Amino acid sequence: MTTPATDSITLFGADWCRDCIRTKKQLDELGIGYTYIDLVADPSAADVAKEISGRTNIPVVVYPDASHHVEPSNADVEAKLRELSLI
């Protein structure tokens, strides 16, 4: 799957990316379900992430309300999850 789900969080990232590892860890620790799209395993998905964000930076986190963050801090992610009543 290379397109984000509309009813959950989608995280575009790579295993070599520290920010991706940090964001995955945060979501895991909060018990938030998400779809992880590995840009190493599926390089064509990088085009989808770039189309969403307009940038080549990762991670790209797409939320159920179709908003997104690029390279978000933990505080950014937490604030968005609270806004969406997911935590």
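The table below gives the values:
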item	result
Per residue accessible area in Å² of the chain, where ligands, DNA and RNA are left out and the probe is 1.4 Å	56 Å²
Dipole magnitude of segment 1-83, debye to nearest 20 (Cβ charges: Lys/Arg +1, Asp/Glu -1, about Cα centre)	160 debye
Loop trypsin sites (Lys or Arg not before Pro), the chain (other Cβ atoms within 10 Å of the site Cβ: 14 or fewer; DSSP)	ARG55
Solvent-accessible ranking of ASP42, ASP28, largest area first, probe 1.4 Å	ASP28, ASP42
Percentage relative contact order, the chain, counting C-alpha pairs under 8 Å, at least six apart	35 percent
Relative intensity, log₁₀ I(q)/I(0), of segment 3-60 from a Debye sum that treats every alpha carbon as a point, q = 0.22, 0.27, 0.30 Å⁻¹	-0.84, -1.19, -1.34
In Å², nearest 10: area of LEU30 left accessible to a 1.4 Å probe	80 Å²
Computed lengthening from ALA75 to ARG22, 0.36 nm per intervening residue step minus Cα-Cα distance	17.9 nm
Gain on full stretching of the segment that runs from GLU29 to ASP42 - 0.36 nm per residue minus C-alpha separation	2.1 nm
Heavy-atom SASA rank of THR35, THR10 (probe 1.4 Å, accessible area, largest first)	THR35, THR10
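The values are calculated or read from the model by the stated rules, or taken from the named source; none is laboratory data. Model, not experiment: these values are computed from the prediction. Note: ideal-geometry Cβ built from the backbone for every residue, glycine included; neighbour counts use all protein chains shown. Quick note on the areas: whole protein, heavy atoms, side chains included, nothing else; ligands and nucleic acids left out. Shrake-Rupley method; radii C 1.70, N 1.55, O 1.52, S 1.80 Å.
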